[in-house]
């Protein structure tokens with residue numbers, strides 16, 4: 001399978017599992033799980049993201065603290081993925097967007113879909129949706 005087809009299959013799997021579905025901690029439907037699925041579908045190790053079995057916001061924050069990560073950015077850097085410029089993200093790459101300062105995560109993880117769009121949790125609707133962000137925090141090549 002070519003690289004383009006693998007990326008298309010990975011992003012389609014993310015769309016099938018998350019698009020238009022609500023953010024739900026109990027169902028483990030959150031941005032960390034979205035990034036983990038994208039990584040696994042591309043054949044990458046998502047052990048650090050999958051190790052968190054918490055089903056509450058408080059539990060996920062406790063996991064970050066327990067493992068010594070100050071934010072999701074630090075955790076993603078520890079996965080071994082190459083950090084890239086957000087403008088060069090291809091379908092299937094992980095893109096971090098700014099999140100509310102009070103949430104404790106430092107960013108929200110999304111999956112690049114191509115053409116500047118990402119699959120992300122929309123804080124306004126509480127649903128995972130296709131969005132076109134204008135501000136980026138970081139990105140990683142998967």
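Throughout, read-outs are computed from the coordinates displayed, never taken from laboratory work. Only a predicted model underlies this, so the values are computations on that prediction, with no experimental measurement involved. As a convention, Cβ positions derive from the backbone with ideal geometry for all residues, glycine included, and neighbour counts pool all protein chains shown.
Structure data summary
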read-out: The lone exception for residue 30 - which of (1) buried (at least 19 other Cβ atoms within 10 Å of the Cβ); (2) on the phi > 0 side of the Ramachandran plot it fails; value: (2)
read-out: Which listed residue, of 35, 112, is touching a helix residue (DSSP H, G or I) at 6+ places or on another chain (Cβ under 7 Å) and closer than 16 Å to residue 8 by Cα; value: 35
read-out: Whichever residue in the stretch 79-92 is within 20 Å of residue 135 (Cβ to Cβ) and out of contact with any helix residue (DSSP H, G or I) (no Cβ under 8 Å at 6 or more places or on another chain) and, among such residues, is surrounded by the most Cβ atoms within 10 Å (Cβ to Cβ); value: 89
